Amino acid sequence: MKLYTIKNIAITAVIILGFTNCGNDDDGIMNGNEVDFTGIFVQQDQMGRPGINTVLSGSSEIKNDFNVTIPSEQTTKFQPLFLDQAVALHAAFGAEYETNILGLDATTLTTILATDVLQVAPNETTTYFDGTNILTGRSLTDDVIDVSLILLFGGENGDRFNGQDTNGDGSPDLPVLVTDGVSNAGETPSNSFPYLEAPHGV
């Protein structure tokens, strides 16, 4: 999932760079090719916080609807659906949602997550979550999928669903839901565009 996200960021950046570096294109010609911008363009996708729509939309219809809804309308429309899904995911494992490591109950967390924007706090540490700061930005080395899963399933200590053996029989009774299993160790962004390393093998 992380590789998919990073690759899409890089592809998007290249596309944007291509459009912004095309010079004077008032004549409708771009890099020798004629581009037709007539017609009606419709938004098809969006992603401020990776994985939120994937995990909390209970169906493909809800996911697609979320992608084409502007952020200012998302909380009212999707928070109740996201709350139902968060509760249902816990119930599937015989558990109730437990207030997370930020002290957020299910209603408060899904209210925050239902608006798909990425906040930036210019005077704070740039981080998705560093143990103290939360959603004050996003750096290229942030493990955003694991953070999202921890906030949703980690409970008060951040490790609630981490393969624990709850009955002492030597076998895990709880699934691992607080990580996607893909390490972000060794990520070293460069100081020049496109800033990202080549995709890692898995």
Selection within region 88-110 - crowded, with 19+ Cβ neighbours inside 10 Å and assigned to a helix (DSSP H, G or I) = 90, 106, 109, 110
Scanning region 153-202 residue by residue, those surrounded by 12 or more Cβ atoms within 10 Å (Cβ to Cβ), small (Gly, Ala, Ser) and at pLDDT below 90 turn out to be 183
Residue selected from region 48-87 under the condition among the aromatic types (Phe, Trp, Tyr) and touching a Phe, Trp or Tyr at 6+ places or on another chain (Cβ under 7 Å), by the criterion surrounded by the most Cβ atoms within 10 Å (Cβ to Cβ) = 78
Filtering region 161-176 for residues that are in a loop (DSSP other than H, G, I, E, B) and either touching an Asp or Glu at 6+ places or on another chain (Cβ under 6 Å) or without any contact (Cβ under 8 Å) to a residue 60 or more places away in the chain (or both) leaves a count of 11
Sole residue being small (Gly, Ala, Ser), modelled with pLDDT of 85 or more, touching a Lys or Arg at 6+ places or on another chain (Cβ under 9 Å) and more than 27 Å from residue 141 (Cα to Cα), chosen from 88, 114, 95 = 95
In region 66-105, what residues are among the aliphatic types (A, V, I, L, M) and more than 22 Å from residue 163 (Cα to Cα)?
-> 68, 70, 81, 83, 104
Of residues in region 111-134 being in a loop (DSSP other than H, G, I, E, B) and in contact (Cβ under 8 Å) with a residue 40 or more places away in the chain, the one farthest from residue 82 (Cα to Cα) | 118
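The values are calculated or read from the model by the stated rules, or taken from the named source; none is laboratory data. If you're wondering where the values come from, they're calculated on a predicted model, not measured in any experiment. Neighbour counts run over all protein chains shown; Cβ positions are idealised from the backbone, glycine included.
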